[in-house]
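These notes concern the structure reproduced below.
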Amino acid sequence: MISESLMNEAIVQQGLEYLENCLKEYIELIAEITQVPAPSNQEGPRVDFLKSKMESMGFPVVQVDEVGNVLGYFPGKDASRVIVSMAHMDTVFPMDTDLTVRREDNILAAPGVSDNSASVACMLLLGKIFLNHLPLPHPVALIANVGEEGLGDLRGARYFCEHVEDYDFEGFKLNPHKLVFLNIDGGMRHIVNQGVGSRRLRVEFKGQGGHSWGAFGNSSAIHGLGTAIAGIAQIQVPDDPKTTYNVGVIQGGHSVNSIAQTASMLLDMRSLSQERLSRLEKEVMAILDNAASETGTEYSMKVVGDRPTGSLSGQSGYIKGLLALGRELGHDLSLGAGSTDSNIPLSRGWPAVTMGFKESGDGHKTSEFLYIDSLVPGIKFALMCFASLLYDKF
């Protein structure tokens, strides 16, 4: 059994002993991270906090890259495998959101407490364990990355993967062909091994505008936009591969008695298939053209999000190993698709999964919370997953 063979390793024995009594420290660390604001594309305060935290914890090499990713590097004896873990630091909440962490019985609650502050804290505590066993069997890079949420468009993960060979950790250079990703996000018992691709468009219609009485008959941007939305709503998409669309935001006009000169929408399109996603976008473009023609308007479009698809086979040794380890430790794991930092390495054919190591609820709501009693069992399982990679169990 994988777990039994790992129990002979000092990093596991000592790590599990430390984690058995880490709850107070874990909760305090989660609260510290959560209460530093970090909206996507405005992560600066949390970047500074996490850099300082990694340094104070004694991580051997700490760097901040061009986009704000905070990287902690741990040297290893054998660079034939380099383990990379990303846990995104950004949140969906505006800068002025009340981030006060509240504890009541088994609940820890605050905007962003689970998504993804608890994951960042999990990663940092694992780093503390790694510190006591240097050099590790294989090098490890722990990355608190920016721009995972919404219009962050996987900015941090994208930058890291596009610039892998540019990083220099005191003389050690990363080889993109040697990387294995175990990214931390989401809830327990799920392995995201398939990336949901997405295209997000901002579409703006323009019309002649004017007074609703005196200029009646002039073209209206809102009428153009509305016609387009009605057309999009009639698009038929397949259940397999699952493909979806959604107009999430509309804006336009400035008074009830004015013909709108401008109106805009944000459109989200998703699919498990890059080919189906491209077909959907072509259908949307035809509808936009027709709507503009029918209403005497014109439109412009800007791509504001582009997440590629990708997958890691359920028959791969990595996935089979994780599933087996989960069974041994009492975790009934399931495979699934998601839009996570793993999209980027998966799109490049690199082995990558995203896993969560706590139980939580109300994600992306100000009432977001996690269950305190899931933290220690979760981080113990996380340690076993990382140890399996460090000791080549899968």
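Here, each number is a calculation from the coordinates, and none is a lab measurement. This one's a predicted model, so the numbers in the text were calculated from it and none came from an experiment. Don't worry about glycine lacking a Cβ; one is built from the backbone with ideal geometry, like all the others, and counts go over all protein chains shown.
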Give me the distance between the Cα centres of region 200-241 and region 283-336, rounded to whole Å.
-> 26
Cross-link partners among lysines for LYS24, C-alpha distance below 19 Å, same-chain residues fewer than 8 apart left out?
-> LYS53, LYS128, LYS358, LYS380
Calculate, in nm to one decimal, what LYS365 and TYR167 gain on full extension: separation in residues at 0.36 nm each, minus their alpha carbon distance.
-> 67.7 nm
Taking amide H positions as placed in the peptide plane 1.01 Å from N, state which residues far from SER311 in sequence (5 or more) or on other chains have amide H under 5 Å from it.
-> GLY195
Where the centre of each part is set by its Cα atoms, how far does region 1-34 sit from region 49-114, in angstrom?
-> 17
Given unit charges at Cβ for Lys, Arg (+) and Asp, Glu (-), the dipole magnitude of region 197-307 about its Cα centre in debye, nearest 20, is 280
Cβ under 13 Å from LEU277's Cβ, LEU277 left aside: what net charge do those residues give with Lys, Arg +1 and Asp, Glu -1?
-> +3
Taking 1 over the mean of 1/r across every pair of different Cα atoms in the chain, what Kirkwood radius in Å do you get?
-> 22.5
Length released on extending from SER293 to ARG279, taking residue separation times 0.36 nm less the Cα-Cα span | 2.9 nm
Given +1 on the Cβ of Lys and Arg, -1 on the Cβ of Asp and Glu, and no further charges, what dipole in debye does the chain carry about its Cα centre, rounded to the nearest 20?
-> 620
Taking every DSSP bridge whose two residues both lie in the chain, the antiparallel percent to the nearest 5 is 75
Full extension between SER80 and VAL237 adds, at 0.36 nm per residue less the Cα distance, a length in nm of 52.2 nm
Whichever lysines have a C-alpha closer than 29 Å to that of LYS302, once near sequence neighbours (fewer than 8 apart) are set aside = LYS206, LYS242, LYS282, LYS365
Please report the relative contact order for the chain, taking Cα pairs under 8 Å with a sequence separation of at least 6, and give it as a percent rounded to a whole number.
-> 23
Under the Karplus relation 6.51 cos²θ - 1.76 cosθ + 1.60, θ = phi - 60°, what is the ordered set of whole-Hz ³J(HN,Hα) values for region 360-377, x standing for Gly and Pro?
-> 7, x, 6, x, 6, 10, 5, 8, 3, 8, 9, 8, 4, 6, 8, 5, 5, x
Distance between modelled label sites at ALA10 and VAL247, nm, 7 Å Cα→Cβ extension | 6.4
Amide H to amide H under 5 Å from ALA352: which residues, 5+ apart in sequence or cross-chain, H placed 1.01 Å off N in plane?
-> PHE181
Sorted from fewest to most neighbouring beta carbons within 10 Å, what does the list TYR391, TYR73, TYR18 look like?
-> TYR18, TYR391, TYR73
Inter-label distance for ASN132 and LEU23, nm, one decimal - labels placed 7 Å from Cα along Cα-to-Cβ | 2.0
Highest mean packing first, using Cβ neighbours within 10 angstrom, the peptides 166-175, 74-83, 55-64 sort as 74-83, 55-64, 166-175
Quick one: pull the percentage of alpha-carbon pairs in region 197-307 with a separation above 24 Å.
-> 27
